[in-house]
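Quick notes on the structure that follows.
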Amino acid sequence: MSAPAKPVMRGQTTLDFAVGAVIFVGVVGFVFLFVSSAVTPFTGNPQDDTVTANRVADELTGDQLGSPADPYVLDTFCTRAFFDSLDGGSVPERCVYGNDSLNDRVGIPDRKDLNVTVVGNVTGPPTATDTPVMLCWDEGDRRLVALSDTACDTGAGDVALTAGPDPTGEDSTITARRSISLAGRDAILVVEVW
């Protein structure tokens, strides 16, 4: 009687290799997709900054500094106090914001830089060639003046209507503007995020 035949061992077939390659590529692809979505919250996205700038501008003009019933007409007292309190002043009880940092007041993370400034023309009726200037609240005369005006003395109780780091020189900033009325004058609230 002869010994039973031993099975013949062959090398890896083409089909085995193809199945292994597909599984490997699938796993590697899944890892790349998972890792890229896991780090997305930590990477910058200009579209996110656009949404953020517009949300902050709307929140300030329609809620924190104004009223939902009369949006874009800012409360002079709370607007002055908003900028003054960010520079060390106190927050009045009647205003709807807390005594937090600028980023905390508008609900954006500290890793984002934010600047809020009120600009306008205080010399007369606006014209097509006007360049809006940063504004200041002159407490003595209770009126808006240019920040560069000698009537604006921030050391004597006047309030510069700007808050946050200066965006000058930044490579890319996202800007949202809202036309507002403040102390009976037309002005523009400018929000810049980067």
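If you line up the long axis of helix 14-39 against the longest principal axis of the chain, both from Cα atoms, how many degrees apart are they, to the nearest 10? Roughly 20 degrees, rounded to the nearest 10. Does the range 144-192 come out rounded, prolate or oblate by the C-alpha gyration tensor, with a ≥ b ≥ c the root eigenvalues, rounded set by a/c under 1.5 and, if not, prolate when a/b is larger than b/c and oblate if not? Here the range 144-192 falls in the oblate category. Identify the trypsin sites (Lys or Arg not before Pro) of the range 66-129 meeting these criteria: DSSP loop state and at most 12 other C-beta atoms within 10 Å of the C-beta. Here the sparse-neighbourhood loop sites are Arg94, Arg111.
In the complete set of protein chains, residue-level accessible area for Asp87 is approximately 130 Å², probe 1.4 angstrom. If we count GluC sites (Glu not before Pro) as exposed when they sit in a DSSP loop and have at most 12 other beta carbons within 10 Å, what is the longest stretch of the chain that avoids them all? After excluding every exposed loop site, the longest remaining stretch is 1-92. A P(r) calculated from all alpha carbon pairs of the range 59-111, with 10 Å bins opening at zero, reads 27, 54, 19, 0 percent. Angle of helix 76-86 to the longest C-alpha principal axis of the chain, folded into 0 to 90 degrees and rounded to 10: 60°. Full extension of the chain segment joining Glu170 with Asn103 gains 22.3 nm, where the gain is 0.36 nm per residue of separation less the Cα-Cα distance.
Close amide H partners of Gly66, meaning residues 5 or more places away or on another chain with modelled amide H under 5 Å apart, are Asp75. Simple rule: put +1 on each Lys or Arg Cβ and -1 on each Asp or Glu Cβ in the chain, find the dipole, and look at Pro68, Thr117, Ile23; the Cα lying farthest toward the positive end is Ile23.
When the inverse distances between all different Cα atoms of the chain are averaged and flipped, the Kirkwood radius reads 20.4 angstrom. For the range 96-112, 3J(HN,Hα) computed residue by residue from phi via the Karplus equation (6.51, -1.76, 1.60; θ = phi - 60°) reads 8, 10, x, 8, 10, 5, 4, 4, 5, 4, 9, x, 10, x, 5, 6, 9 Hz, glycine and proline entered as x. The amide H of Arg185, built 1.01 Å from its N in the peptide plane, has no neighbour under 5 Å, considering only residues 5 or more places off or on other chains. So what is the orientation-averaged projected area of the range 77-167, using the convex hull of its C-alpha atoms, in nm²? Projected over every direction and averaged, the Cα hull of the range 77-167 covers 7.1 nm².
The values are calculated or read from the model by the stated rules, or taken from the named source; none is laboratory data. A quick note: this is a predicted structure, and the numbers were derived from the prediction, not measured. Quick reminder, even Gly has a Cβ in these numbers, built from the backbone with ideal geometry, and neighbours come from all protein chains shown. For accessibility, only protein heavy atoms count, side chains too; no ligands or nucleic acids. Shrake-Rupley method; radii C 1.70, N 1.55, O 1.52, S 1.80 Å.
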